[in-house]
1. Quote the FRET efficiency, to the nearest 0.05, computed for L180 versus H109 with a Förster distance R0 of 41 Å and r equal to the Cβ-Cβ distance.
2. For I268, I173, I60, what's the fewest-to-most ordering of other Cβ within 10 Å of each Cβ?
3. Apply the Karplus curve 6.51 cos²θ - 1.76 cosθ + 1.60, θ = phi - 60°, to the phi angles in the stretch 113-125 and return the couplings in whole Hz, x for Gly and Pro.
4. Given the DSSP H assignment, sum -39500 (n - 2.57) over each helix run of at least 4 residues in the chain and divide by its residue total; what's the result at 222 nm in deg cm²/dmol, nearest 500?
5. I need to check one value: relative contact order of the stretch 226-281, counting alpha carbon pairs closer than 8 Å and at least 6 residues apart, in percent.
6. Return one number: the angle in degrees, 0 to 90 and rounded to the nearest 10, between the long axis of the Cα atoms of helix 41-55 and the longest principal axis of the Cα atoms of the chain.
7. Need the C-alpha centroid separation for the stretch 9-24 versus the stretch 245-278, integer Å.
8. Run the count for the chain, please: Lys pairs, Cα-Cα under 29 angstrom, 8 or more apart or on different chains.
Amino acid sequence: MLLGAIIIVSGVFSAFFVNDTMCLVLTPLVLEVTLQLKRHPIPYLLAVAMASNVGSVATITGNPQNMMIGAFSHLSYRAFAAVLAPVAMVGLVMTFGMIAWVYRSEFFHTAPVDIPSPRVRVNRVLMWKSLAATAVMIVLFFMGWPVAKVAVVVGAALLVTRRVKPEKVYREIDWALLVLFAGLFVVIAGAEKALISQDVKSWIDRFHLDRVGVLTALTALLSNLVSNVPAVLMFKPFVSILPDANRAWLTLAMSSTLAGNLTLLGSIANLIVVERSRSNVRISFMEYLKVGVPLTILTLVMGALLVR
């Protein structure tokens, strides 16, 4: 039940609040709960990382590369989710099954542990205000409102009606990351103008990127060589000229995201979980591969079939 709850929370919330954010929030909580229950924490921490990657496939706001693809392709929030939300749902079931199978001694050969429910202090006004703002934001996303404008307006509303000092919020913003993304857009605009020649187009045609399986495999490979965001930027000039560009963009989003589960270095979300739990538990490269490799292969095949 704990594994399932972690996967559902991490996967579903990652679709709307970015997978890296959910790993930052959930890792210390999951670590504390599993240590109190005297459970082996690694499978539960892997669930946070892998479910956040898989769940983030579902929407444009799930991860940085999806946001970039949404901006490049001009696909609506609903059109994007209609194709890739089923991929995320099936992928989360696969994640649950794979972790439970690899760590079956943890789940099937130990006695259940019951502990008294701790008392929790809740700022109810802040909780309900945040939940209401979240609901409004998600509804506006699906109504087709611009994602960036909705996020800025809802965030501004929370700050204006604040019960927390804005300075505390501003300190949490990763300004360096924002500058990095701004720079990447400048670089890709220059690369697009310099690279797209008739010779390059004919060379790319030989790879048959219009085929879902081929594009999925190449994206997964490149995402693990240079990371998923640079991979999307590298494919961007070629995907936009394919006959069925929308399907190609969706394939690129699906494969670049699911490929993040292959190795420990495949996604920033994975590294966040490892770093935030390092003081209590070490997740080795090989430990991660035991689940990451088979799960990534299965979800990529499933995702390619559903997108087709």
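FYI, it's all coordinate maths here, none of it is from the lab. Being a predicted model, the structure only gives us computed values, none of them experimental. Here the Cβ positions follow ideal geometry from the backbone for every residue, glycine too, while neighbour counts run over all protein chains shown.
1. Numbers: r = 46 Å, r/R0 = 1.11.
Between L180 and H109 the formula returns 0.35.
2. The most exposed by this proxy come first: I173, I268, I60.
3. So the J values, rounded to whole Hz, are 10, 10, 10, x, 5, x, 6, 10, 8, 10, 7, 5, 4.
4. It comes out at -24500 deg cm²/dmol, rounded to the nearest 500.
5. Values: 25 pairs, mean separation 18.9, N = 56.
Relative contact order here is 34 percent.
6. 40 degrees
7. 13 Å
8. 11
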